[in-house]
Amino acid sequence: MQIFTYAPPSVPWLDIRYRDRDILVINKPSGLLSNPGRAENTYDCALTRLLQRYPETILVHRLDCATSGIMVFALNKKAESNIKTQFQNRMSKKTYIAEVRGLLSQDQGVIELAMKADKTQPPLQEIAPDGKASKTYYKVLERRENSTLVELKPVTGRTHQLRLHMLAIGHPILGDDFYGDKEVIAASNRLRLHAMSLSISHPFSGKEITFKSSHPF
């Protein structure tokens, strides 16, 4: 694992995809934290950038710093409670796109491997029988020369779930400087993981809405 150095991208400063009285949706770039960390230099993040323009913004979920893609924020307390409940009860639908090392033999499958925090190497996670249940569906989209483009649909939302699940089946995500070896890290200047779509029930109307962002891979 490489030492984390934070250099948030300034372009685009904010890529807002949707806003109404209850929610706000952005396309987060890779390299930008979702919310501030403990260190002073991590203050600049998606949340603090939004707060400068929309002071009522409330964080309801996170994407890893290195992961790009769709994020939704609440703009009032009722919307916050509603959306958090959807995430907790696994009512939301998330689709990610990843480019992984090697060629997957199966066109699709499911990974069910329990996970827990690796107390010896925070913030890393590890596969462990006594961990929390974790489940990911995958489907091959394209086999390339030495890599595979896959669609990932997590049922659970554990920290680093997609990174760890793909690593566990022998196909780490390219550019993963947390779990990848030197070859994986050198393969890309960023983690090749993108939150392509998110479906939730609108907190006011109850109607299912889907937000999408094309993957850059």
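Under the condition of being without any contact (Cβ under 8 Å) to a residue 12 or more places away in the chain and not in a helix (DSSP H, G or I), which residue from segment 38-54 is farthest from Phe211 (Cα to Cα)?
Step by step, filter segment 38-54, then rank; the result is Arg38.
Under 7 Å by Cβ, and 6 or more places apart or on different chains, what pairs join a residue from segment 147-167 that is in contact (Cβ under 8 Å) with a residue 12 or more places away in the chain and open to solvent by 30 Å² or more (accessible area, probe 1.4 Å) with one that is of a type in the set (D, E, K, R) and in a loop (DSSP other than H, G, I, E, B)?
Every condition considered, the pairs that remain are Val155/Arg90.
Is there a residue in segment 133-146 that is more than 21 Å from Asp118 (Cα to Cα) and open to solvent by less than 30 Å² (accessible area, probe 1.4 Å)? First the steps, then the outcome.
Keep residues of segment 133-146 that are more than 21 Å from Asp118 (Cα to Cα), which gives 137-146.
Restricting the remaining residues to those that are open to solvent by less than 30 Å² (accessible area, probe 1.4 Å) gives 138, 140.
Looking for residues that are more than 21 Å from Asp118 (Cα to Cα) and open to solvent by less than 30 Å² (accessible area, probe 1.4 Å), one finds at least one in segment 133-146, hence yes.
Check Thr120, Thr159 and return the single one that is over 19 Å from Leu63 (Cβ atoms) and either of a type in the set (Ser, Thr, Tyr) or touching a Ser or Thr at 6+ places or on another chain (Cβ under 6 Å) (or both).
On the way: Thr159 fails: over 19 Å from Leu63 (Cβ atoms).
From the options Thr120, Thr159, the qualifying one is Thr120.
Mind checking whether some residue in segment 4-12 is touching a Leu at 6+ places or on another chain (Cβ under 8 Å), part of a loop (DSSP other than H, G, I, E, B) and under 21 Å from Asn76 (Cβ atoms)?
Within segment 4-12 (the criterion being touching a Leu at 6+ places or on another chain (Cβ under 8 Å), part of a loop (DSSP other than H, G, I, E, B) and under 21 Å from Asn76 (Cβ atoms)), the answer is no, since none of the residues qualifies.
The values are calculated or read from the model by the stated rules, or taken from the named source; none is laboratory data. As the structure is a computational prediction, the values presented were derived from the model and not from experiment. Note that we place each Cβ from the backbone using ideal geometry, even for glycine, and neighbour counts take in every protein chain shown. Surface accessibility is based on the protein's heavy atoms, side chains included, excluding ligands, DNA and RNA. Shrake-Rupley method; radii C 1.70, N 1.55, O 1.52, S 1.80 Å.
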